[in-house]
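The structure appears right after this line, and notes come after that.
The values are calculated or read from the model by the stated rules, or taken from the named source; none is laboratory data. Just so it is clear, the model here is predicted, and its values are computed rather than measured. Methodologically, a virtual Cβ is constructed for each residue, glycine included, from the backbone with ideal geometry; neighbour enumeration extends over all protein chains shown.
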């Protein structure tokens, strides 16, 4: 009787699976088709930039709209399916796609070739984080933090999990206490897209700050519990609490015991990489200084450059970690000032991050956690305003430096976002101001080096307090106002910056 019962259960499961495969929904077919392509084609046609024939099989838009190797609703005219069914793909002696999986692809195309769902998603990420945290030893729970690259599994992601993971490992190695890199970034989920770090192992549990009185002389009040990892949480622009997530109720213990400065269960890995790899951002220098590590020479990687690229409509499912109904998304984009995306345009990463919390609210994804810098984002410099990138460099080597000693000579390197007049003002400790060699007019996008009149760099011959202020005003604004610079067109005037 026991054997017969087991046989009936197995047959029953087989019948249920057969019925499910006979009449799947459009979204189910998209998920099944992406699994087939991922299994058999991803090795040669993955997300890498050098994918064979430039074909990335998980890029739905590329398959259906751009290269048209999939003709939605017409399996017989779909080149990709033809190559798979005739056995020419995968090539050579590689295992061919089985009949059942070829049938899935044919049915998916016949039903309209629906978009591939994003593997995982917010609920998946939170669920995996809670599950892993509960398995961590009690002594380590307060030191555990999480990084997610799950959104990069999307078919439209410009970065890949693998490339960003490698770059993060390099950044962690340079900006942490010495130790094996493999111990610092541990995958926790079946998709290998979510990672655990231990802030104690990294040295990021250091608490180097004190609370000061708000008014001079700003005496110390008490020690601050803010650690190095908390600096990242204060800046993080993509945080929101998904109140509807099945894992939300179980997140409470993690957030309390981790003693986070803000209730953020994980950081996006591509954003984190940009913060750690960019020498112009303060976080890299602060971590290196506290850990007494040299400023790492992490050249901007392709992963960082791709993250900084402008955001278009196809990028939004990746950014949100989920698909939204087209009409709801377009309405929400218009409400938050991103109508340009709806019309096929693109917006800068900075403008996208400013709008992100508002978009989360409009789409009812959860409760946004606005970054500290974002609290004043309403007063931010408009996208079309003059912007200045500014670096202090060693005059002799022309390399960026953050520390100088008496006897060193320094210079200043900068570029402007539009044609502008630029000037540098030196202020001594007693408040005396001196106009250094005037600079300009400058052309947009070109790096220039500012030196003194003898072209030998500014010498540091004394240790007194000094301040250098860079003033810039767009040439267009000066011409329109007929003003001199900088007396009547200083930083408080439209079109200028400091």
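Within region 257-264, can one find any residue that is outside any loop (DSSP other than H, G, I, E, B) and on the phi < 0 side of the Ramachandran plot?
Residues of region 257-264 that are outside any loop (DSSP other than H, G, I, E, B), as a first pass: 257.
Right, trim to on the phi < 0 side of the Ramachandran plot and you get 257.
There is at least one residue in region 257-264 that is outside any loop (DSSP other than H, G, I, E, B) and on the phi < 0 side of the Ramachandran plot.
Here is a yes/no grid of residues against (1) modelled with pLDDT under 85; (2) under 25 Å from residue 362 (Cβ atoms); (3) in contact with a strand residue (DSSP E or B) (Cβ under 8 Å, 6 or more places away or on another chain):
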residue	(1), (2), (3)
276	no, no, no
289	no, no, no
301	yes, no, no
314	yes, yes, no
318	yes, yes, no
321	yes, yes, no
message = Given (1) within 25 Å of residue 202 (Cα to Cα); (2) in a strand (DSSP E or B), identify the lone condition not met by residue 221.
response = (1)
query = Restricting to region 12-41, what's the tally of residues that are surrounded by 15 or more Cβ atoms within 10 Å (Cβ to Cβ) and at pLDDT 70 or above?
reply = 12
request  = Test each condition in (1) part of a helix (DSSP H, G or I); (2) within 30 Å of residue 59 (Cα to Cα) for residue 230 and report the one that comes out false.
outcome  = (2)
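Condition test on residue 195, is it at negative phi and surrounded by fewer than 17 Cβ atoms within 10 Å (Cβ to Cβ)?
On the way: at negative phi: yes; surrounded by fewer than 17 Cβ atoms within 10 Å (Cβ to Cβ): no.
Taking the combined requirement at face value, the residue does not satisfy it.
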ask   = When the residues of region 98-120 are filtered to those that are buried (at least 21 other Cβ atoms within 10 Å of the Cβ) and either assigned to a loop (DSSP other than H, G, I, E, B) or in contact with a strand residue (DSSP E or B) (Cβ under 8 Å, 6 or more places away or on another chain) (or both), which remaining residue is modelled with the highest pLDDT?
value = 113
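Please note which strands (runs of 3 or more DSSP E) are completely contained in region 381-498 and include at least 2 residues that are modelled with pLDDT of 60 or more and closer than 25 Å to residue 282 by Cα.
Details: elements: 388-394, 409-416, 420-427, 433-435, 439-442, 448-450, 467-474.
The qualifying strands (runs of 3 or more DSSP E) are 388-394, 409-416, 420-427, 448-450, 467-474.
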key: Residues satisfying the stated conditions in region 244-288, i.e. without any contact (Cβ under 8 Å) to a residue 12 or more places away in the chain and under 23 Å from residue 413 (Cα atoms)   = 281, 282
key: Where residue 134 falls short, out of the listed (1) crowded, with 19+ Cβ neighbours inside 10 Å; (2) within 26 Å of residue 254 (Cβ to Cβ)   = (1)
key: Candidates 207, 222 - the one that is in contact with a strand residue (DSSP E or B) (Cβ under 9 Å, 6 or more places away or on another chain), surrounded by fewer than 14 Cβ atoms within 10 Å (Cβ to Cβ) and at pLDDT 90 or above   = 207
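Of everything in region 163-192 that's part of a helix (DSSP H, G or I) and over 20 Å from the mean Cα position of the chain (by Cα), which residue is surrounded by the most Cβ atoms within 10 Å (Cβ to Cβ)? Explain how you work it out, then say what you get.
In the first step, residues of region 163-192 are kept if they are part of a helix (DSSP H, G or I); the result is 163-174, 181-183.
Imposing the further condition that a residue be over 20 Å from the mean Cα position of the chain (by Cα) reduces the set to 181-183.
Working: 181: 13, 182: 8, 183: 11.
For region 163-192, the residue satisfying everything is 181.
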key: Checklist (1) under 23 Å from residue 191 (Cβ atoms); (2) at pLDDT 85 or above; (3) in contact with a helix residue (DSSP H, G or I) (Cβ under 7 Å, 6 or more places away or on another chain); (4) not in a loop (DSSP other than H, G, I, E, B) applied to residue 61, failing item   = (2)
ask   = For the subset of region 249-270 comprising residues that are over 21 Å from residue 200 (Cα atoms) and out of contact with any helix residue (DSSP H, G or I) (no Cβ under 7 Å at 6 or more places or on another chain), which member is modelled with the highest pLDDT?
value = 252
Scan of region 339-369 for residues that are surrounded by fewer than 18 Cβ atoms within 10 Å (Cβ to Cβ), part of a loop (DSSP other than H, G, I, E, B) and touching a residue at least 12 places away in the same chain (Cβ under 8 Å), ordered by number = 344, 345, 346, 348, 366
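Quick one: would you say residue 250 is in a loop (DSSP other than H, G, I, E, B) and surrounded by 14 or more Cβ atoms within 10 Å (Cβ to Cβ)? Working first, answer last.
Numbers: in a loop (DSSP other than H, G, I, E, B): no; surrounded by 14 or more Cβ atoms within 10 Å (Cβ to Cβ): yes.
So residue 250 does not fit the description; no.
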key: Residues (under 18 Å from the mean Cα position of the chain (by Cα) and either farther than 15 Å from residue 194 by Cα or not in a loop (DSSP other than H, G, I, E, B) (or both)) located in region 127-156   = 145, 146, 147, 148, 150, 151, 152, 153, 155, 156
